[in-house]
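The values are calculated or read from the model by the stated rules, or taken from the named source; none is laboratory data. All figures in this text were calculated on a predicted structure; none of them were measured in a lab. Here the Cβ positions follow ideal geometry from the backbone for every residue, glycine too, while neighbour counts run over all protein chains shown. When the accessible area is computed, the model is the full protein with side chains, heavy atoms only, and any ligands, DNA or RNA have been set aside. Shrake-Rupley method; radii C 1.70, N 1.55, O 1.52, S 1.80 Å.
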Amino acid sequence: MSEFTKSKVNLNIDSGIADMRAQYREKGIPTILDESLNLLLLTLKIKNPKKILEIGTATGMSGICMLLNSQAHLTTIEANEQSYLSAKANFESYGLSTRVSAYFADAGDAIRFLDGGYDFIFLDGAKARYYDYLPELKRLLAKGGVLFADNVLFRGLIECKKPPHRDMTIVRNMRAFIDDLTTDKNYTASVIDCGDGVLIAYAN
Ligand SMILES: C[S@@+](CC[C@H](N)C(=O)[O-])C[C@H]1O[C@@H](n2cnc3c(N)ncnc32)[C@H](O)[C@@H]1O
């Protein structure tokens, strides 16, 4: 993403959330980059979903932003107990608990038990697992629904000709994930050079 493009990102989010995001980031707790969050919220507003699934809640920052920018119900899954508990408290403090089903679970296990009909999926969990999740995510995403996957270029390594050996599993799996969605005739998909790389797919 160019510096010019980045300079045009103007995140329109609650100031309390902006402060919390900055504090979490200082502590090394992950949350989506500003430019990717901006694109996420833009996509969300265009789609205006009723039922969102998020893989990778962390402390609930992206979840709260999605809820404040839609009328949707959010199902969100997090494998780290401390993050899950922080997210629950954060949803509560924003008065959003009744609009959230938050699960402390491994996403790969949990998604197998969900019923379908999601019209928006935000995929932001373990990067090496995106491809494993894909058959279930396709089952869960309604026709006309949108899948928004973050970090698909993974620090540039996915495009790299010779990625470090230690990153080969994630590179191989992420390439398979991207190839699958960009060649599947049932989806209209695009990889976007925004933040750490975003893939947006529409279920035709
Ligand atoms: C990039 S962070 C999510 C950030 C969050 N969506 C946001 O923007 O505020 C990824 C999260 O996925 C969680 N995670 C990793 N592996 C997971 C798994 N197998 N199942 C569920 N969550 C997982 C991590 O604990 C981490 O909190």
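Net charge of the neighbourhood of GLU35, taken over other residues with C-beta under 12 Å away and scored Lys/Arg +1, Asp/Glu -1, is -3. 3J(HN,Hα) couplings calculated from phi for the range 52-59 with the Karplus curve 6.51 cos²θ - 1.76 cosθ + 1.60 (θ = phi - 60°) are, in sequence order, 10, 10, 10, 9, x, 6, 6, 9 Hz; Gly and Pro show x. Couplings 3J(HN,Hα) of the range 35-43, computed from phi: 5, 6, 5, 4, 5, 4, 6, 5, 4 Hz, in residue order, whole Hz [Karplus 6.51 cos²θ - 1.76 cosθ + 1.60, θ = phi - 60°; x for Gly and Pro]. Please give every one of the lysines within straight-line cross-link reach of LYS51, meaning a C-alpha to C-alpha distance under 21 Å, and leave out same-chain neighbours fewer than 8 residues apart. Of all the lysines, those that pass the test against LYS51 - Cα under 21 Å, at least 8 places apart if same chain - are LYS88, LYS138, LYS143.
Taking 24 Å as the straight-line reach from the Cα of LYS6, the lysines in range (excluding those fewer than 8 positions away in the same chain) are LYS27, LYS45, LYS47, LYS127.
For the chain, modelled as a GNM whose springs connect Cα atoms under 10 angstrom apart, the maximal fluctuation among LYS47, LYS127, LYS185 occurs at LYS185.
For the chain, count all C-alpha to C-alpha pairs, find those more than 31 Å apart, and express that count as a whole percent of the total. Above the 31 Å cut-off, the chain has 13 percent of its Cα pairs.
Considering only LEU140, LEU67, GLY56, and ranking their Cα positions along the charge dipole of the chain that arises from unit charges at the beta-carbon of Lys, Arg, Asp and Glu, the one farthest toward the positive end is LEU140.
Sum up the charges of everything whose Cβ sits under 15 Å from the Cβ of ARG166, counting Lys and Arg as +1 and Asp and Glu as -1, but leave ARG166 out. Present the calculation step by step, with values, prior to reporting the outcome.
Values: positive: LYS127, ARG155, LYS162, ARG172; negative: ASP167.
Residues near ARG166 contribute +3 overall.
Ordered by 1.4 Å accessible area with all protein chains kept, HIS73, HIS165 run largest first as HIS165, HIS73. Proximity of backbone amide H atoms, modeled 1.01 Å from N, is registered between LEU114 and no other residue at under 5 Å, excluding neighbours fewer than 5 places apart on the same chain.
Backbone geometry of the range 60-77 corresponds, through the Karplus equation with coefficients 6.51, -1.76 and 1.60 at θ = phi - 60°, to 3J(HN,Hα) couplings of x, 5, 5, x, 4, 4, 5, 5, 6, 10, 7, 10, 6, 9, 10, 9, 9, 10 Hz, x marking Gly and Pro.
Quick check on the chain: helices-only [θ] at 222 nm, where DSSP H runs of length 4 and up contribute -39,500 (n - 2.57) each and the sum goes over total residues. Nearest 500, please. Write down the numbers at each step before the final one.
Working: 8 runs with 83 residues, N = 204.
Rounded to the nearest 500, it is -12000 deg cm²/dmol.
Looking at the range 67-172, none of the chymotrypsin sites (Phe, Trp or Tyr not before Pro) sits in a DSSP loop with at most 13 other Cβ atoms within 10 Å of its own Cβ.
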